[in-house]
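Heads up: the structure comes next, in structure tokens.
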Amino acid sequence: GENVEQHPSTLSVQEGDSAVIKCTYSDSASNYFPWYKQELGKGPQLIIDIRSNVGEKKDQRIAVTLNKTAKHFSLHITETQPEDSAVYFCAASSNDYKLSFGAGTTVTVRA
Amino acid sequence: GAGVSQSPSNKVTEKGKDVELRCDPISGHTALYWYRQSLGQGLEFLIYFQGNSAPDKSGLPSDRFSAERTGGSVSTLTIQRTQQEDSAVYLCASSFHAPGTGSYEQYFGPGTRLTVT
């Protein structure tokens, strides 16, 4: 089955700086890569996703890049704000519904 | 509108007891998913329901786990003869479109925290 590895497990950044989270996947058939943000006591919420026919996608301060050859994808958050503090999960899927998640990255934005 | 709701929010049970966890998906969503999130870990896929199709049960960890979805809406995850390793947060999600139609976003509920003592 699919194996998704995520790094780093924790990330502390100064407000205004950028944050980068990296994930690798094992199944070359995977073609859908969503990123979820989970705040304390809540369920994960989709923040951005990318399909395998696209190399990069942006949404305001958030961007995701995908390298299918190397089987890795990354989340970039620019101009970080305190409300960006949360746990971020990457995921991969080859059939659109069965998501394999990374272990998560706890992001702390220091004011 | 109302999001995915789950009940109870917390459940403490003794080892060996059966538990039932409930999920109310967003109205009109055709697909429903159950995940398990152990402390400090990512989400582990358990089961997927899509309309009237046979569910994908490939993620259920043992035959003590079962789930049903009645009337294409509410779902119940049942764990029989609970063990301490079953302690985790159980998350439910729903989505509107079937896979292949271009919409993949899964909307998650807040989860049920299960503690087996």
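The values are calculated or read from the model by the stated rules, or taken from the named source; none is laboratory data. Note that this is a predicted model, so its numbers are computed, not measured. Reconstructed Cβ throughout: ideal geometry from the backbone, glycine too, with neighbour counts over all protein chains shown. Only protein heavy atoms, including side chains, enter the accessible area calculation; ligands, DNA and RNA are left aside. Shrake-Rupley method; radii C 1.70, N 1.55, O 1.52, S 1.80 Å.
How much accessible surface does A:Thr106 have with a 1.4 Å probe, in Å² rounded to 10?
Number for this one is 60 Å².
How high is the relative contact order of chain B, in percent, counting Cα pairs under 8 Å that sit 6 or more residues apart?
With pairs under 8 Å counted, the relative contact order is 37 percent.
For the protein assembly as shown, what percent of Cα pairs sit more than 32 Å apart?
19 percent
How large is ³J(HN,Hα) for each residue in region B:11-26, as worked out from phi by the Karplus curve 6.51 cos²θ - 1.76 cosθ + 1.60 (θ = phi - 60°), to whole Hz, x for Gly and Pro?
9, 10, 9, 8, 3, x, 7, 8, 9, 10, 10, 10, 9, 10, x, 5
Can you check what the net charge comes to around A:Lys98, using other residues whose Cβ is under 13 Å from the Cβ of A:Lys98 (Lys, Arg +1; Asp, Glu -1)?
-4
Sequence neighbours fewer than 8 away in the same chain don't count; with that in mind, list the aspartates and glutamates whose C-alpha is under 13 Å from B:Lys17.
Output for B:Lys17: B:Asp86.
Across region A:56-67, in residue order, what do the Karplus-derived ³J(HN,Hα) couplings come to in whole Hz, using 6.51 cos²θ - 1.76 cosθ + 1.60 with θ = phi - 60° and x for Gly and Pro?
Once θ is set to phi - 60°, the couplings for region A:56-67 become 8, 9, 10, 8, 6, 8, 10, 9, 10, 10, 10, 10 Hz.
Shielding of A:36-45 by partners, i.e. mean partner chain Cβ atoms within 10 Å per residue?
5
Counting only protein chains, not ligands or nucleic acids, how are B:Leu91, A:Leu46 ordered by accessible area (probe 1.4 Å), most first? Working shown, then result.
Values: B:Leu91 0, A:Leu46 30 Å².
The ordering from most to least exposed comes out as A:Leu46, B:Leu91.
For region A:1-99, what is the accessible area per residue in Å², given a 1.4 Å probe and the full set of protein chains?
49 Å²
Going through the cross-link list A:Lys42/A:Lys68; A:Lys37/A:Lys98; A:Lys57/B:Lys57; A:Lys37/B:Lys11; A:Lys58/A:Lys98, which pairs have a Cα-Cα distance over 28 Å in this structure?
As for pairs spanning more than 28 Å Cα to Cα, those are A:Lys42/A:Lys68; A:Lys57/B:Lys57.
Looking at chain A, identify the longest residue range that excludes and avoids all trypsin sites (Lys or Arg not before Pro) in DSSP loops having at most 16 other Cβ atoms within 10 Å. Numbers along the way, then the final one.
On the way: sites that count: A:Lys42, A:Arg61, A:Lys68, A:Lys71.
That would be A:1-41.
How high is the relative contact order of chain A? Use alpha-carbon pairs under 8 Å, at least six apart in sequence, and give a whole percent.
Computed value for chain A: 37 percent relative contact order.
Roughly how far apart, in whole Å, are the Cα centres of region B:60-94 and region A:55-104?
Here the answer is 28 Å between Cα centres.
What does the net charge come to around A:Gly16 if you take all other residues with beta carbon closer than 12 Å to its beta carbon, with K and R at +1 and D and E at -1?
Working: positive: A:Arg61, A:Arg110; negative: A:Glu15, A:Asp17, A:Glu79, A:Asp84.
For residues surrounding A:Gly16, the net value is -2.
Of the candidates B:Gly59, B:Gly40, B:Gly28, which one comes out as most mobile in a Gaussian network treatment of chain B with C-alpha springs shorter than 10 Å?
Of B:Gly59, B:Gly40, B:Gly28, the most mobile in the Gaussian network model is B:Gly40.
Could you give me the ³J(HN,Hα) list for region B:46-58, computed from phi with Karplus coefficients 6.51, -1.76, 1.60 and θ = phi - 60°, whole Hz, x at Gly and Pro?
So the J values, rounded to whole Hz, are 10, 7, 9, 10, 9, x, 9, 6, 4, x, 8, 9, 5.
Most mobile of B:Ser58, B:Ser94, B:Ser38 per a Gaussian network model of chain B (Cα springs, under 10 Å)?
Between B:Ser58, B:Ser94, B:Ser38, it is B:Ser58 that shows the largest mean-square fluctuation.
Quick check: with the 1.4 Å probe, what order do A:Ile47, A:Ile77 take by accessible area, largest first?
The ordering from most to least exposed comes out as A:Ile47, A:Ile77.
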